[in-house]
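The values are calculated or read from the model by the stated rules, or taken from the named source; none is laboratory data. Predicted model only: the values in this text are computed from it and were never measured. Cβ sites come from the backbone with ideal geometry, for glycine too, and all protein chains shown count toward neighbours. What goes into the accessible areas is simple: the full protein's heavy atoms, side chains included, and nothing from ligands, DNA or RNA. Shrake-Rupley method; radii C 1.70, N 1.55, O 1.52, S 1.80 Å.
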Amino acid sequence: MLKKIWESNMIEINKGKILNLSSLYLELPIALFFLFWCKWYIAIIGILIIGYIHFFQSKANFKKTNNTIKINKKYLFLVLFIILIWCILGGQGNLYYQSSDWGCRNAIYKKMIFGTAPYYFEDGSFLSYYIGHWIVPSTISKIFIFLGLSKSIVWHIGNIILLLWTALGISLSFFLVVFYTKADKTFKIFLALLIFILFSGLDVIGLLIRNTGFSNHIEPWNIYYQFSSQTTQLFWVFNQAIPVWVGTLLFLQTDHIKFDVFIGALLILFSPLPIFGCFALILFKILFNYILKKDITRLFKEGFSIVNILSLVIALPLFLFIFSNTRSSGTAGVLFNLNIGGDSWYNWFMLIVFLIVEVYIYLLFVYKNNKKNYLFYAIAITLPFIAAFRFGTSNDFEMRASIPLLTCLMLLVIKEVLGNIEYKDKRLIIHRRIVPLIFCLLIGAVTPFVEFYRGYSEVRTNHKINLTDESVTLHKDSINFVSPNYKDTKFAKYIGK
């Protein structure tokens, strides 16, 4: 009897369904982009291609995936609740303190709710940015405008919808992590969630070595180089990070490359810089799964699959839209340049220190079980190049292009930890070899805790919980977010309405 009651409280999560929803999470915004931004015949072509690829992929991969995990309903709700709280602490919903990057993001989202695509500003410039994450929430929010609600109420509702959409993306990416790392026990699911939220490089060690002083945001400790923790990505660039988490985990579901171009194409509208990291993953997948196996015939067959070819059709309009942006188009400088900061031995030394505390310390612990894993080599070889070069005038390239590879590093670490921890007879058994890795994770967790503390400190200082910035307005000089003249762009001439 008790067994039946227990089993009735269990929820079975199917991997195929999570994969299907994760794919839809990236596809739906792109389909809406074609619908609202593009000429009608291009919209029809784009939506039909997305629908065909989704159906083909679902039939080829998702329906054949029968892996499941069982979790008690109350624990599942607890996981989702923790994710929701994490989102709120990051500023989602406009319910709590928001980092300084939120000002422009609020302006973008407000314009997308109350305007009509393509979105113009008073000075004639138009919105040309990585807007994918806001498309679905803003589209849903418009319904409440038609219902006659006031602008203020619609704005509040829109922020709650954005919060839920963000939490959905994180939940999907986390359960893909659960399946990838084989977290098949409840305690392993929660341990994976803890690492998922708190994973970071050992920034505090680097800060102490460089002696740059402690602040409420410690990741820029090395001045020239910066990788972002999971929490930092959510708190500062959620619109770029979350779709990339989902996309990266979809990349890792297969050993072939039949659908990889499609996933990369979808990510263009969410965050183009991480595509460099995704491209590195594809190259190493090709090297290990095709070239080293001397399977060149299969490489050409799967590389030039109908899905990959059709994906290029999807990619072109998205590429032209993003490169309408003033900075992306080259007027603000986009050429690669060495990011060392000078030719002195000290700057080279600090690059080595940076890579050790951010990447190689973790790779050391996972090497034994990943000697033949292409992800290990993709991380170890690609991240130094991403750190050492800039794309334009800021370090955005290294912070964003690194996201897919840092996500993979986190996966290897979670898998290593879960493989060396057991729960038997009400006792937690931790294998001795994993203790140093856990110690490093605890040191790395200082970074996200600093992010949490900054919000708490600001709330305590200002005696107000929802510290949001809605004062930013976008205009022709906001080169990160706009293009000055829509009609002069290639997108408008050939693709857009």
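Assorted remarks:
- Distance from segment 425-470 to segment 195-271 (C-alpha centre basis), Å: 16 Å
- Scaled radius of gyration (Cα, divided by 2.2 N^0.38 Å) that the chain gives: 0.97
- Ordering Ile53, Ile143, Ile153 by the projection of their Cα atoms onto the charge dipole of segment 35-186, which places +1 on the Cβ of Lys and Arg and -1 on the Cβ of Asp and Glu, puts Ile53 at the extreme positive end.
- Remark: accessible surface ordering of Ile465, Ile140, Ile361 (largest first) is Ile465, Ile140, Ile361, probe radius 1.4 Å.
- Qualifying chymotrypsin sites (Phe, Trp or Tyr not before Pro) in segment 45-130, where qualification requires a DSSP coil assignment and no more than 12 other C-beta atoms within 10 Å, are lacking entirely.
- Reachable lysines, given that their alpha-carbon falls under 17 Å from the alpha-carbon of Lys490 and they are not under 8 places away in the same chain: Lys39
- Sites Phe439 and His475 - FRET efficiency at Förster radius 45 Å, r taken between beta-carbons, to 0.05: 0.35
- Approximating the spin labels as points 7 Å out from Cα along Cα→Cβ, the Tyr360-to-Leu164 distance works out to 4.8 nm.
- Cα shape, segment 191-311, gyration tensor, a/c 1.5 rule: prolate
- The distance linking segment 378-415 with segment 21-74 is 27 Å (Cα centroid to Cα centroid, whole angstrom).
- Estimated inter-spin distance, Leu312 and Leu24, nm [label 7 Å along Cα→Cβ]: 3.1 nm
- Greater than 32 Å apart at Cα, pairs in Lys59/Lys182; Lys110/Lys487; Lys301/Lys372; Lys73/Lys285; Lys111/Lys188; Lys110/Lys182: Lys73/Lys285; Lys111/Lys188; Lys110/Lys182
- Counting only protein heavy atoms and a 1.4 Å probe, segment 378-442 has 43 square angstrom of accessible area per residue.
- Stretched out straight at 0.36 nm per residue, the stretch from Phe190 to Tyr453 would grow longer than its current Cα-Cα span by 92.4 nm.
- Positive-end residue, segment 1-148 charge dipole about Cα centroid, Cβ charges, pick of Leu32, Leu21, Thr116: Leu21
- Cα gyration tensor category, rounded, prolate or oblate, for segment 30-152 with a/c compared to 1.5: oblate
- The HN-Hα couplings worked out from phi for segment 92-104 by the Karplus form 6.51 cos²θ - 1.76 cosθ + 1.60 (θ = phi - 60°) are 5, x, 6, 9, 8, 4, 10, 5, 5, 6, 6, x, 5 Hz, whole numbers, x standing for Gly and Pro.
- Computed E for Ile465/Phe77 - FRET, C-beta separation, R0 25 angstrom, nearest 0.05: 0.55
- Amide H contacts under 5 Å for Cys38, placed H, 5+ residues apart: Lys497
- Here the sum of -39500 (n - 2.57) over DSSP H runs of 4 or more residues, divided by the residues of the chain, equals -19500 deg cm²/dmol at 222 nm, to the nearest 500.
- Per residue, the accessible area of segment 1-149 comes to 48 Å² when a 1.4 Å probe rolls over the protein heavy atoms.
- Legend: residue pairs Lys17/Lys415; Lys74/Lys426; Lys476/Lys497; Lys17/Lys293; Lys15/Lys294; Lys294/Lys415, Cα-Cα distance threshold 27 Å; pairs beyond threshold, Lys17/Lys293; Lys15/Lys294; Lys294/Lys415.
- Heavy-atom accessible surface of the chain: percent carbon and sulfur, 1.4 Å: 66 percent
- Computed from label points 7 Å out along Cα-Cβ, the spacing between Lys301 and Met10 is 4.0 nm.
- Counting heavy atoms of the protein chains alone, His256 has an accessible area of about 30 Å² for a 1.4 Å probe.
- The 1.4 Å probe gives accessible areas that order Asp295, Asp260, largest first, as Asp295, Asp260.
- Cα gyration tensor shape for segment 379-443, rounded if a/c is under 1.5, else prolate or oblate: prolate
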